[in-house]
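Student: Below: one structure in structure tokens.
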Amino acid sequence: MSVTVPDILSPEFESDPYRAYRSMRQNAPLLWHEATRSYIVSRYEDVERVFKDKAGEFTTENYDWQIEPVHGRTILQLSGREHAVRRALVAPAFRGSDLRDKFLPVIERNSRELIDGFRHSGSVDLVADYATRFPVNVIADMLGLDKSDYERFHGWYTAVIAFLGNLSGDQEVARAGERTRVEFAAYMLPIIRKRREEPGDDLLSTLCTAEVDGVRMSDEDVKAFCSLLLAAGGETTDKAIAGIFANLLAHPEQLEAVRADRSLIARAFAETLRYTPPVHMIMRQSATDVELSGGTVPAGSTVTCLIGSANRDEERYRDPDTFDIFREDLSATNAFSAAADHLAFALGRHFCVGALLARSEVEIGVGQLLDAMPDLRAADGFVPVEHGVFTRGPQSLPVRFTPVSG
């Protein structure tokens with residue numbers, strides 16, 4: 001029997017992808033999508049297999065056309081030793097002592113500065129006034145860039161994300177994304193050259209001077225990584241923070257629990273990544289014919305992995321459509337490592353290098369927001385609504401609170 005599921009480019013899908021995901025998992029776990037010329041996979045076991053890629057069945061060659069036009073050639077496109085060396089060059093800055101000693105104070109300072117701008121007002125839009133600004137400010141500060149260029153950074157990453165999510169092939173969106181690559185290069189390359197001559201204590205200097213087995217990153221490599229960091233780190237953390245508060249406000253008893261025990265912020269983040277992930281789909285390319293649920297993916301095909309569906313798979317999670325920070329089938333301990341049992345950071349060798357940075361931003365940011373707004377509540381009559389297909393989250397989240405004196 002033929003079953004029709006909403007097209008991923010349709011308004012019906014955008015308004016409620018989770019219903020469509022359920023239909024796909026049950027009736028069409030492998031679905032050819034003509035408009036994107038890709039095979040869509042929606043079950044947890046299949047998406048996990050594609051990401052882990054233990055048998056060398058999938059590559060990231062799709063990024064040659066999907067992200068290189070806006071970022072340049074990035075670490076995401078590399079494999080084998082080339083990928084291992086490049087990851088070894090950048091990864092230390094995002095974990096261990098570098099993250100703890102150099103960048104946690106940066107995160108704390110940037111969060112506090114934004115909150116100081118509204119802590120006495122009694123109301124704020126957590127998306128416009130905090131979530132969209134916080135991660136971009138942190139990344140710019142980490143790189144040693146001028147935060148007064150925030151509007152340019154935000155404009156660039158917004159154009160990049162629009163390009164990546166341009167599933168319908170809008171030519172104006174494509175051209176805007178490609179212009180961003182030129183503009184960002186013109187901005188960054190002179191700074192990179194100067195930082196090589198006069199390195200400081202910032203992340204950009206670290207990237208410029210890092211060396212593994214005699215290999216250093218070229219100016220173009222550093223620029224491409226900074227572009228990727230700005231877009232990926234900005235968009236995902238922005239939507240994660242908004243998602244956490246939207247989910248907690250919709251479940252007041254869980255908000256009260258987190259308010260009383262800040263160690264639960266990590267659980268709220270992990271469950272938000274599962275329940276309403278910032279990124280709903282990631283593409284890969286098949287290197288050979290691969291048998292997945294529902295049929296065979298031919299070699300050389302683009303595969304669209306639906307993270308938003310896999311993270312709601314009833315075969316993997318109990319009551320998957322329920323937001324529950326106390327669920328027993330999701331570990332907050334492993335949620336920010338390559339052993340994660342959700343798929344929001346991908347898995348395998350391309351597991352998100354910035355996962356621990358994101359966790360630090362969220363734990364510090366959410367904690368400081370709860371301190372500043374102890375009786376945080378949604379603005380009267382406002383119900384958060386998610387928007388987006390490729391990336392997804394609330395576009396606005398107005399809240400009210402009693403200002404804390406001092």
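The values are calculated or read from the model by the stated rules, or taken from the named source; none is laboratory data. Please read these numbers as outputs of a predicted model, since none were measured by experiment. Because the Cβ atoms are built from the backbone with ideal geometry, glycine has one as well, and the counts that use them run over all protein chains shown. Side chains included, ligands, DNA and RNA excluded: accessible areas come from the protein's heavy atoms. Shrake-Rupley method; radii C 1.70, N 1.55, O 1.52, S 1.80 Å.
Student: Among the residues of the stretch 362-389, write down those that are part of a loop (DSSP other than H, G, I, E, B), touching a Gly at 6+ places or on another chain (Cβ under 8 Å) and crowded, with 18+ Cβ neighbours inside 10 Å. Steps first, answer last, please.
Tutor: We begin by selecting, within the stretch 362-389, every residue part of a loop (DSSP other than H, G, I, E, B); these are 373-376, 379-385, 388-389.
Narrowing further to those that are touching a Gly at 6+ places or on another chain (Cβ under 8 Å): 388-389.
Hit for the stretch 362-389 is GLY388, nothing else.
Yes/no matrix, rows are residues, columns are (1) of a type in the set (Ser, Thr, Tyr); (2) closer than 26 Å to ARG392 by Cβ:
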position	(1), (2)
ILE67	no, yes
GLY80	no, no
GLU113	no, no
ASP116	no, no
ARG119	no, no
TYR130	yes, yes
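Student: Could you check how many residues of the stretch 183-208 are free of Cβ contacts under 8 Å to residues at least 40 places away in the same chain and within 26 Å of ALA91 (Cα to Cα)?
Tutor: Total satisfying the criteria: 13.
Student: While we're here: Just one of the numbered conditions (1) within 17 Å of the chain's Cα centre (by Cα); (2) in a helix (DSSP H, G or I) is not true of PHE103; which one?
Tutor: Condition (1) is where PHE103 drops out.
Student: Would you please list the contacts, defined by Cβ atoms under 9 Å and residues six or more apart or on different chains, that run from a residue in the stretch 159-171 that is among the aromatic types (Phe, Trp, Tyr) to a residue that is open to solvent by 30 Å² or more (accessible area, probe 1.4 Å) and modelled with pLDDT under 90?
Tutor: PHE163/PRO69
Student: Would you pick out the residues in the stretch 186-211 that are more than 21 Å from ASP101 (Cα to Cα) and either in contact with a strand residue (DSSP E or B) (Cβ under 7 Å, 6 or more places away or on another chain) or open to solvent by less than 20 Å² (accessible area, probe 1.4 Å) (or both)?
Tutor: MET188, ILE192
Student: Within the stretch 305-317, is there a residue that is modelled with pLDDT of 95 or more and assigned to a strand (DSSP E or B)?
Tutor: Within the stretch 305-317, one or more residues are modelled with pLDDT of 95 or more and assigned to a strand (DSSP E or B).
Student: Here is a list of conditions, (1) over 30 Å from ARG95 (Cβ atoms); (2) in a loop (DSSP other than H, G, I, E, B), and VAL399 meets all of them except one; can you say which number that is?
Tutor: Checking VAL399 against (1) over 30 Å from ARG95 (Cβ atoms); (2) in a loop (DSSP other than H, G, I, E, B), the one that fails is (2).
Student: Right, another one. At least 2 residues that are open to solvent by 50 Å² or more (accessible area, probe 1.4 Å) and closer than 30 Å to ALA210 by Cα in each: list the helices (runs of 4 or more DSSP H) lying fully within the stretch 1-89 that qualify. So that I can check it myself, show each step before the final result.
Tutor: Working: elements: 11-15, 17-27, 44-52, 63-66, 68-71.
The qualifying helices (runs of 4 or more DSSP H) are 63-66.
Student: For ILE161, which of the numbered conditions (1) within 15 Å of ILE241 (Cβ to Cβ); (2) in a helix (DSSP H, G or I); (3) in contact with a strand residue (DSSP E or B) (Cβ under 9 Å, 6 or more places away or on another chain) fails to hold?
Tutor: Status for ILE161: all satisfied but (1).
Student: Still on this structure, please answer the following. Out of all the residues in the stretch 333-361, which are open to solvent by less than 20 Å² (accessible area, probe 1.4 Å), hydrophobic (A, V, I, L, M, F, W, C), under 22 Å from SER227 (Cβ atoms) and not in a helix (DSSP H, G or I)?
Tutor: ALA344, ALA346, PHE351
Student: Still on this structure, please answer the following. Can you name the residue in the stretch 390-406 that is under 13 Å from PHE245 (Cα atoms) and either surrounded by fewer than 19 Cβ atoms within 10 Å (Cβ to Cβ) or among the β-branched types (Val, Ile, Thr) (or both) and is also farthest from the chain's Cα centre (by Cα) among such residues?
Tutor: Filtering first and then ranking leaves ARG400.
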